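Only one structure is covered here, and it is reproduced in the block below.
Derivation of every value follows stated rules applied to the coordinates shown; laboratory data play no part. Since we're looking at a predicted model, the values are computed, not measured. Ideal geometry is used to build each Cβ from the backbone, glycine not excepted, and the neighbour counts take in all protein chains shown.
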Amino acid sequence: MLEPPLRGVTVVALEQAVAAPFATRQLADLGARVIKIERPGRGDFARDYDRRVKGLSAYFVWINRGKESVALDLKAGADRSLLDRLLARADVFIQNLGPGAAGRLGLGADALRARHPRLITCDVSGYGTEGPYRDKKAYDLLVQCETGLLSITGSAGSPARPGISIADIAGGMYAYTGILTALYERERTGEGSALSVSLFDALAEWMGHPYFAQAYGGAPIAPSGARHPSISPYGPYRCGDGARVFLSVQNDREWTALCEQVLRLPALVRDPRFADNPLRHTHDDDLTDVIEKRFARHTADGVLALLEGAGIAHARLRTVAEFTDHPQLTARGRWREFDSPAGPLRGLLPPVEVAGREAAMGAVPALGEHTAAIRAEFPPPGTSGDD
């Protein structure tokens, strides 16, 4: 088995909630040593989001695997001195405190890199370091609102939050890839760098298609529920047993196959309402009516078999419980156990597979679990054990 690629990289994380912890958990999975700084007593407030995982927070378990937890009061001289010693030997420092908090603690990027030129700093914020929203508090759903995501999610008159913290995840992903890029750059230049990522900018990038469609297409982008906003047929269709199947037609070849092999309506291929995808989308209600009338002759399983035979992309609408028993995950051996204060837990391997290498997937730490060991490893200058 190959050694983890980030073995020997030390990350100091002054982090909370989702975005920064999501980035550092992925670094930990690659073998980096992630030292998570938490407040004494309460710790990262994501620890208290819920108690669904054997008494632990589902959010915290998901994004804090493989880290060391150190409880420090950064307003206390001895604890702050310990943080400074950690930073002197760190490769990466990441923080997502509230607006301006890192600077007030003397942990701004300029100050840190002046003392440690090889250090890579990463500041994760809500709206960035400049502009009128610079000092606004930013949480996932609020950023979704500001980027326009909720205006195109859900159905007409009923905006809906996506079922996951998509702004936090976007910000965490860009922080993660930015840090990897900075580590690669440092190998060539010997110099660290100062990165900044905002949740707003990250999610704004993911709003690229709606932006271009709106800016250059003229008409406002309307929410489309579970249907695709610009491709048809693409979405759920009711079958004879009342269940729905999802299908997607991406090109004219697939459209012909759907008409001839699944719907058994070859003349539909030449229907002027459905001659190409923009016309099919314009007449999506009519097309849905045609499809569901034909599907009414079959059960959902029967429709899925027809779609499979015709090479039409399709899916079942699974619940989360059904997802956890998905045959594809089981067949590919994607589940692993990792430790936690509540005992062994089951989680998925990270998405990127590398031949001969497996993610570290270390334990979820208890609050302050590693404080004593870190104090012993990083003693004050002049004390016994000092390097």
Worksheet entry | Protection proxy ranking of 11-17, 172-178 - average other beta-carbon atoms within 10 Å, highest first | 11-17, 172-178
Discussion item. For the chain, give me the percentage of DSSP beta bridges that are antiparallel, rounded to the nearest 5 percent.
Written reply: 45
Discussion item. Give me the tail of P(r) for the stretch 317-367 as a percent: Cα-Cα pairs with distance above 19 Å.
Written reply: 39
Worksheet item: Over all distinct Cα pairs, what is the inverse of the mean 1/r for the stretch 120-267, reported as the Kirkwood hydrodynamic radius in Å?
Response: 18.6
Item to complete: Give the cross-link partners of Lys137 among the aspartates and glutamates, using a straight C-alpha distance below 14 Å as the criterion and excluding same-chain residues fewer than 8 apart.
Response: Glu146, Asp168
Discussion item. Compute, for the stretch 87-228, the length of the dipole vector about the Cα centre, with Cβ point charges of +1 (Lys, Arg) and -1 (Asp, Glu) only. Units Debye, rounded to 20.
Written reply: 200
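Can you order the peptides 35-44, 348-357, 97-106 by their average number of other Cβ atoms within 10 Å per residue, highest first?
On the way: 35-44: 19.2, 348-357: 11.2, 97-106: 15.0.
The packing order, highest mean first, is 35-44, 97-106, 348-357.
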Worksheet entry | Where labels lie 7 Å past Cα in the beta-carbon direction, separation of Asp252 and Ile164 in nm | 3.6
Item to complete: Would you mind working out the magnitude of the charge dipole of the stretch 267-332 relative to its Cα centre, with +1 at each Lys and Arg C-beta and -1 at each Asp and Glu C-beta, to the nearest 20 Debye?
Response: 160
Item to complete: Select one label from (i) 25.4, 87; (ii) 24.7, 78; (iii) 18.9, 60: the one whose number is Rg and Dmax of the Cα atoms in Å as derived from the coordinates shown.
Response: (i)
Worksheet, complete the sentence: Neighbours of Val249 by Cβ distance under 13 Å: Lys/Arg at +1, Asp/Glu at -1, summed charge -2
Worksheet item: For the chain, modelled as a GNM with alpha-carbon contacts under 10 angstrom, which of Thr147, Thr282, Thr129 fluctuates the most?
Response: Thr282
Discussion item. I need the calculated FRET efficiency for the pair Trp335 and Gln261, taking r as the beta carbon distance and R₀ as 41 Å, to the nearest 0.05.
Written reply: 0.65
Item to complete: Report the extension gain between His228 and Lys75 in nm, rounded to one decimal, defined as 0.36 nm multiplied by the number of residues separating them, less their alpha carbon distance.
Response: 50.0 nm
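Return Thr10, Thr181 ranked ascending by Cβ neighbour count within 10 Å, so the fewest neighbours appear first. List each step's numbers first, then the result.
Working: Thr10 16, Thr181 13.
Fewest to most other Cβ atoms nearby, the residues stand as Thr181, Thr10.
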Discussion item. Straight-line reach only, C-alpha to C-alpha below 27 angstrom: list the lysines that Lys136 could link to, leaving out same-chain residues fewer than 8 apart.
Written reply: Lys36, Lys75
Item to complete: Determine the dipole magnitude for the chain: charges of +1 sit on the beta-carbon of Lys and Arg, -1 on that of Asp and Glu, nothing else is charged, the reference point is the Cα centre, and the result goes in debye to the nearest 20.
Response: 480
Worksheet item: To the nearest 500 deg cm²/dmol, what mean residue ellipticity at 222 nm is calculated for the chain from DSSP H runs of n ≥ 4 alone, each contributing -39,500 (n - 2.57), summed and divided by the residues?
Response: -10000 deg cm²/dmol
Worksheet item: Size of the stretch 55-182 along its principal axes in angstrom, Cα-based, largest extent first?
Response: 55, 41, 31
Practice prompt. Compare the Cα positions of Gln250, Tyr49, Leu74 along the charge dipole of the chain (+1 at Cβ of Lys, Arg; -1 at Cβ of Asp, Glu; about the Cα centre) and return the one farthest towards the positive end.
Written response: Tyr49
Item to complete: State the Cα centre-to-centre distance between the stretch 137-167 and the stretch 48-107 in whole Å.
Response: 28
Practice prompt. Determine the principal axes of the Cα atoms in the stretch 176-247, then give the extent along each, sorted from largest to smallest and rounded to whole angstroms.
Written response: 65, 34, 18
